[in-house]
Amino acid sequence: MEDILQSVALFGPILLFSVVAHEIAHGYAALKQGDPTAYQLGRLTWNPVKHIDPFLTIILPLVMFMTVGAAIGGAKPVPVNPRNYRNFKRGDLIVSLAGVATNLVIAIACAVLIVLLGYVVRVVPATASFIEIAQAVLVLGILLNWNLIVFNLLPIPPLDGSHVIKYILPPAWAMKYSEFGARYGFFILIGLFLIGRNALGTLLAPAYFMSDVFLQAVSSFILPNVSTWLR
(Lines give C-alpha, C1' and ligand atoms only; values in the text may rest on other atoms or scores of the structure.)
Protein backbone atom coordinates (compact mmCIF):
# COMPACT_ATOMS: atom_id res chain seq x y z
CA MET A 1 0.00 0.00 0.00
CA GLU A 2 2.84 2.38 0.86
CA ASP A 3 4.43 1.80 -2.57
CA ILE A 4 1.10 2.50 -4.28
CA LEU A 5 0.63 5.75 -2.36
CA GLN A 6 4.18 6.79 -3.21
CA SER A 7 3.61 6.06 -6.89
CA VAL A 8 0.35 8.03 -6.90
CA ALA A 9 2.04 10.95 -5.13
CA LEU A 10 4.77 11.06 -7.78
CA PHE A 11 2.56 10.32 -10.77
CA GLY A 12 -0.45 12.47 -9.87
CA PRO A 13 1.10 15.94 -10.31
CA ILE A 14 2.77 15.20 -13.66
CA LEU A 15 -0.38 13.49 -14.92
CA LEU A 16 -2.55 16.47 -13.97
CA PHE A 17 -0.11 18.96 -15.47
CA SER A 18 0.23 17.00 -18.72
CA VAL A 19 -3.47 16.44 -19.37
CA VAL A 20 -4.40 20.02 -18.44
CA ALA A 21 -1.68 21.35 -20.77
CA HIS A 22 -3.05 19.05 -23.50
CA GLU A 23 -6.55 20.50 -23.20
CA ILE A 24 -5.40 24.11 -22.87
CA ALA A 25 -3.43 23.61 -26.09
CA HIS A 26 -6.60 22.47 -27.88
CA GLY A 27 -8.52 25.49 -26.61
CA TYR A 28 -5.77 28.00 -27.37
CA ALA A 29 -5.28 26.60 -30.87
CA ALA A 30 -9.03 26.84 -31.45
CA LEU A 31 -8.97 30.47 -30.31
CA LYS A 32 -6.18 31.23 -32.77
CA GLN A 33 -8.20 29.54 -35.54
CA GLY A 34 -11.21 31.73 -34.83
CA ASP A 35 -13.20 29.79 -32.23
CA PRO A 36 -13.45 31.53 -28.82
CA THR A 37 -15.68 28.86 -27.21
CA ALA A 38 -13.10 27.49 -24.75
CA TYR A 39 -11.93 31.01 -23.88
CA GLN A 40 -15.45 32.26 -23.26
CA LEU A 41 -16.17 29.30 -20.98
CA GLY A 42 -13.06 29.96 -18.89
CA ARG A 43 -11.22 26.82 -19.96
CA LEU A 44 -7.97 28.52 -20.99
CA THR A 45 -6.78 28.46 -17.38
CA TRP A 46 -4.23 26.47 -15.37
CA ASN A 47 -6.73 26.11 -12.54
CA PRO A 48 -6.98 22.28 -12.39
CA VAL A 49 -10.50 22.40 -10.95
CA LYS A 50 -11.76 23.64 -14.32
CA HIS A 51 -10.26 20.63 -16.10
CA ILE A 52 -10.69 17.67 -13.77
CA ASP A 53 -13.02 14.97 -15.03
CA PRO A 54 -13.92 12.42 -12.32
CA PHE A 55 -13.58 9.46 -14.71
CA LEU A 56 -10.77 10.51 -17.07
CA THR A 57 -8.56 12.29 -14.53
CA ILE A 58 -9.06 10.16 -11.41
CA ILE A 59 -10.86 6.85 -11.82
CA LEU A 60 -9.38 5.70 -15.15
CA PRO A 61 -5.69 6.30 -14.27
CA LEU A 62 -6.09 4.65 -10.85
CA VAL A 63 -7.88 1.60 -12.22
CA MET A 64 -5.36 1.19 -15.03
CA PHE A 65 -2.40 1.62 -12.70
CA MET A 66 -3.73 -0.98 -10.28
CA THR A 67 -4.75 -3.50 -12.97
CA VAL A 68 -2.33 -3.24 -15.89
CA GLY A 69 0.59 -1.46 -14.21
CA ALA A 70 0.49 1.55 -16.53
CA ALA A 71 -1.82 4.50 -16.64
CA ILE A 72 -3.32 6.87 -19.15
CA GLY A 73 -5.64 9.65 -18.18
CA GLY A 74 -7.19 12.80 -19.50
CA ALA A 75 -8.75 16.08 -18.52
CA LYS A 76 -12.26 17.23 -19.29
CA PRO A 77 -12.24 17.89 -23.07
CA VAL A 78 -12.37 21.58 -23.93
CA PRO A 79 -15.44 22.52 -25.98
CA VAL A 80 -14.72 23.76 -29.49
CA ASN A 81 -16.98 24.79 -32.37
CA PRO A 82 -15.26 23.94 -35.68
CA ARG A 83 -17.82 26.04 -37.57
CA ASN A 84 -16.00 29.09 -36.22
CA TYR A 85 -12.66 28.14 -37.76
CA ARG A 86 -11.53 30.49 -40.50
CA ASN A 87 -10.51 27.43 -42.52
CA PHE A 88 -12.39 24.33 -41.42
CA LYS A 89 -9.92 21.63 -42.50
CA ARG A 90 -6.78 23.51 -41.51
CA GLY A 91 -8.31 24.57 -38.20
CA ASP A 92 -9.51 21.07 -37.38
CA LEU A 93 -6.06 19.58 -38.02
CA ILE A 94 -4.22 22.27 -36.05
CA VAL A 95 -6.57 22.07 -33.07
CA SER A 96 -6.54 18.26 -33.10
CA LEU A 97 -2.73 18.03 -33.15
CA ALA A 98 -2.10 20.87 -30.68
CA GLY A 99 -2.56 18.59 -27.68
CA VAL A 100 -0.08 15.90 -28.74
CA ALA A 101 2.39 18.59 -29.85
CA THR A 102 2.22 20.00 -26.33
CA ASN A 103 2.82 16.56 -24.81
CA LEU A 104 5.89 16.21 -27.03
CA VAL A 105 7.21 19.55 -25.75
CA ILE A 106 6.63 18.38 -22.16
CA ALA A 107 8.48 15.11 -22.79
CA ILE A 108 11.44 17.02 -24.26
CA ALA A 109 11.37 19.49 -21.36
CA CYS A 110 11.43 16.60 -18.86
CA ALA A 111 14.52 15.16 -20.54
CA VAL A 112 16.27 18.55 -20.52
CA LEU A 113 15.44 19.08 -16.84
CA ILE A 114 16.82 15.64 -15.96
CA VAL A 115 20.13 16.69 -17.51
CA LEU A 116 20.14 20.08 -15.77
CA LEU A 117 19.36 18.52 -12.39
CA GLY A 118 22.12 15.98 -12.97
CA TYR A 119 24.55 18.87 -13.36
CA VAL A 120 23.19 20.53 -10.21
CA VAL A 121 23.98 17.44 -8.14
CA ARG A 122 27.52 17.38 -9.46
CA VAL A 123 27.99 20.98 -8.33
CA VAL A 124 25.98 20.74 -5.08
CA PRO A 125 25.98 17.08 -3.88
CA ALA A 126 23.84 17.98 -0.86
CA THR A 127 20.82 18.38 -3.17
CA ALA A 128 20.88 14.71 -4.19
CA SER A 129 17.98 13.54 -2.00
CA PHE A 130 15.64 16.20 -3.37
CA ILE A 131 16.80 15.79 -6.96
CA GLU A 132 16.23 12.02 -6.83
CA ILE A 133 12.53 12.69 -6.29
CA ALA A 134 12.41 15.42 -8.94
CA GLN A 135 14.11 13.17 -11.49
CA ALA A 136 11.70 10.34 -10.68
CA VAL A 137 8.78 12.66 -11.48
CA LEU A 138 10.50 13.74 -14.71
CA VAL A 139 11.10 10.13 -15.76
CA LEU A 140 7.41 9.47 -15.22
CA GLY A 141 6.73 12.64 -17.23
CA ILE A 142 8.59 11.23 -20.22
CA LEU A 143 6.80 7.88 -19.98
CA LEU A 144 3.37 9.45 -19.48
CA ASN A 145 3.62 12.04 -22.22
CA TRP A 146 4.79 9.56 -24.83
CA ASN A 147 1.89 7.32 -23.85
CA LEU A 148 -0.47 10.28 -24.22
CA ILE A 149 1.00 11.14 -27.63
CA VAL A 150 0.67 7.65 -29.06
CA PHE A 151 -2.70 6.94 -27.44
CA ASN A 152 -4.25 10.19 -28.67
CA LEU A 153 -2.95 9.54 -32.19
CA LEU A 154 -4.75 6.20 -32.42
CA PRO A 155 -7.26 6.41 -35.30
CA ILE A 156 -10.23 5.75 -33.05
CA PRO A 157 -12.85 8.50 -32.76
CA PRO A 158 -13.01 10.72 -30.80
CA LEU A 159 -9.22 10.60 -30.30
CA ASP A 160 -7.12 13.25 -32.03
CA GLY A 161 -5.73 10.79 -34.57
CA SER A 162 -9.17 10.23 -36.04
CA HIS A 163 -9.29 13.88 -37.17
CA VAL A 164 -6.15 13.27 -39.23
CA ILE A 165 -7.29 9.97 -40.71
CA LYS A 166 -10.61 11.32 -41.96
CA TYR A 167 -8.78 13.82 -44.19
CA ILE A 168 -6.57 11.09 -45.64
CA LEU A 169 -9.49 8.86 -46.61
CA PRO A 170 -11.57 9.42 -49.76
CA PRO A 171 -14.63 11.60 -48.94
CA ALA A 172 -17.14 8.73 -49.05
CA TRP A 173 -14.98 6.56 -46.77
CA ALA A 174 -14.31 9.50 -44.47
CA MET A 175 -18.04 10.04 -43.98
CA LYS A 176 -18.64 6.38 -43.13
CA TYR A 177 -15.58 6.40 -40.85
CA SER A 178 -16.90 9.44 -38.97
CA GLU A 179 -20.37 7.94 -38.67
CA PHE A 180 -18.96 4.64 -37.40
CA GLY A 181 -16.73 6.46 -34.94
CA ALA A 182 -19.57 8.58 -33.61
CA ARG A 183 -21.58 5.43 -32.89
CA TYR A 184 -18.95 2.96 -31.71
CA GLY A 185 -15.69 4.83 -30.99
CA PHE A 186 -16.31 5.22 -27.27
CA PHE A 187 -17.22 1.55 -26.90
CA ILE A 188 -14.05 0.51 -28.75
CA LEU A 189 -11.98 2.55 -26.31
CA ILE A 190 -13.76 1.04 -23.31
CA GLY A 191 -13.15 -2.42 -24.80
CA LEU A 192 -9.42 -1.70 -25.06
CA PHE A 193 -9.26 -0.71 -21.40
CA LEU A 194 -11.23 -3.80 -20.37
CA ILE A 195 -9.03 -6.15 -22.40
CA GLY A 196 -6.08 -4.76 -20.51
CA ARG A 197 -2.33 -5.01 -20.68
CA ASN A 198 -1.80 -7.04 -23.90
CA ALA A 199 -3.99 -4.92 -26.17
CA LEU A 200 -2.82 -1.60 -24.79
CA GLY A 201 0.79 -2.77 -24.65
CA THR A 202 0.71 -3.60 -28.36
CA LEU A 203 -0.91 -0.32 -29.36
CA LEU A 204 1.41 1.71 -27.16
CA ALA A 205 4.62 -0.04 -28.25
CA PRO A 206 5.85 3.09 -30.10
CA ALA A 207 5.45 5.05 -26.85
CA TYR A 208 7.61 2.57 -24.95
CA PHE A 209 10.23 2.70 -27.71
CA MET A 210 10.41 6.50 -27.77
CA SER A 211 10.45 6.69 -23.97
CA ASP A 212 13.44 4.34 -23.97
CA VAL A 213 15.17 6.51 -26.58
CA PHE A 214 14.70 9.60 -24.42
CA LEU A 215 15.74 7.88 -21.19
CA GLN A 216 18.81 6.29 -22.78
CA ALA A 217 19.86 9.72 -24.02
CA VAL A 218 19.83 11.15 -20.47
CA SER A 219 20.69 7.98 -18.53
CA SER A 220 24.15 9.20 -17.49
CA PHE A 221 22.51 12.12 -15.65
CA ILE A 222 19.90 10.07 -13.76
CA LEU A 223 20.89 9.45 -10.15
CA PRO A 224 21.25 5.77 -9.15
CA ASN A 225 18.59 5.91 -6.43
CA VAL A 226 15.89 7.29 -8.75
CA SER A 227 14.87 3.71 -9.59
CA THR A 228 13.90 3.11 -5.96
CA TRP A 229 11.23 5.80 -6.28
CA LEU A 230 9.78 4.17 -9.39
CA ARG A 231 9.10 0.70 -8.02
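The values are calculated or read from the model by the stated rules, or taken from the named source; none is laboratory data. Keep in mind that this is a model prediction, so the values were computed, not measured. Note: ideal-geometry Cβ built from the backbone for every residue, glycine included; neighbour counts use all protein chains shown. Surface areas here come from the heavy atoms of the whole protein model, side chains and all, with no ligands, DNA or RNA. Shrake-Rupley method; radii C 1.70, N 1.55, O 1.52, S 1.80 Å.
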request  = Consider Arg43 carefully, then state whether it is charged (D, E, K, R), open to solvent by less than 30 Å² (accessible area, probe 1.4 Å) and at pLDDT below 95.
outcome  = yes
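Answer yes or no as to whether Val164 is surrounded by 13 or more Cβ atoms within 10 Å (Cβ to Cβ), β-branched (Val, Ile, Thr), in contact with a helix residue (DSSP H, G or I) (Cβ under 8 Å, 6 or more places away or on another chain) and under 19 Å from Gly74 (Cβ atoms).
For Val164, the condition - surrounded by 13 or more Cβ atoms within 10 Å (Cβ to Cβ), β-branched (Val, Ile, Thr), in contact with a helix residue (DSSP H, G or I) (Cβ under 8 Å, 6 or more places away or on another chain) and under 19 Å from Gly74 (Cβ atoms) - is met.
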request  = Can you run down the residue pairs with Cβ atoms below 9 Å, 6 or more apart or on separate chains, where the first is in region 41-56 and under 11 Å from Val19 (Cα atoms) and among the hydrophobic types (A, V, I, L, M, F, W, C) and the partner is in a loop (DSSP other than H, G, I, E, B) and open to solvent by 50 Å² or more (accessible area, probe 1.4 Å)?
outcome  = Ile52/Lys76; Leu56/Lys76; Leu56/Pro77
task = Tell me the helices (runs of 4 or more DSSP H) entirely within region 140-231 that contain at least 1 residues that are closer than 23 Å to His26 by Cα.
result = 160-168, 171-195, 205-218
inquiry  = Suppose the filter is under 24 Å from Ser211 (Cβ atoms) and either aromatic (Phe, Trp, Tyr) or at pLDDT 95 or above (or both); does Val120 pass it?
reply    = yes
Within region 53-100, considering residues that are open to solvent by 20 Å² or more (accessible area, probe 1.4 Å), β-branched (Val, Ile, Thr) and at pLDDT 85 or above, the one nearest to Gly191 (Cα to Cα) = Val80
ask   = Just to be sure, is Ile131 buried (at least 16 other Cβ atoms within 10 Å of the Cβ), in a helix (DSSP H, G or I) and under 22 Å from the mean Cα position of the chain (by Cα)?
value = no
request  = Could you check His26 against (1) open to solvent by less than 60 Å² (accessible area, probe 1.4 Å); (2) at pLDDT below 95; (3) touching a helix residue (DSSP H, G or I) at 6+ places or on another chain (Cβ under 8 Å) and say which number it fails?
outcome  = (2)
task = For region 205-226, enumerate the residues that are hydroxyl-bearing (Ser, Thr, Tyr), open to solvent by 70 Å² or more (accessible area, probe 1.4 Å) and within 29 Å of Leu153 (Cβ to Cβ).
result = Tyr208
request  = Could you grab me the full set of residues in region 177-226 that are over 22 Å from the mean Cα position of the chain (by Cα) and under 30 Å from Phe130 (Cβ atoms)?
outcome  = Ser219, Ser220, Phe221, Ile222, Leu223, Pro224, Asn225, Val226
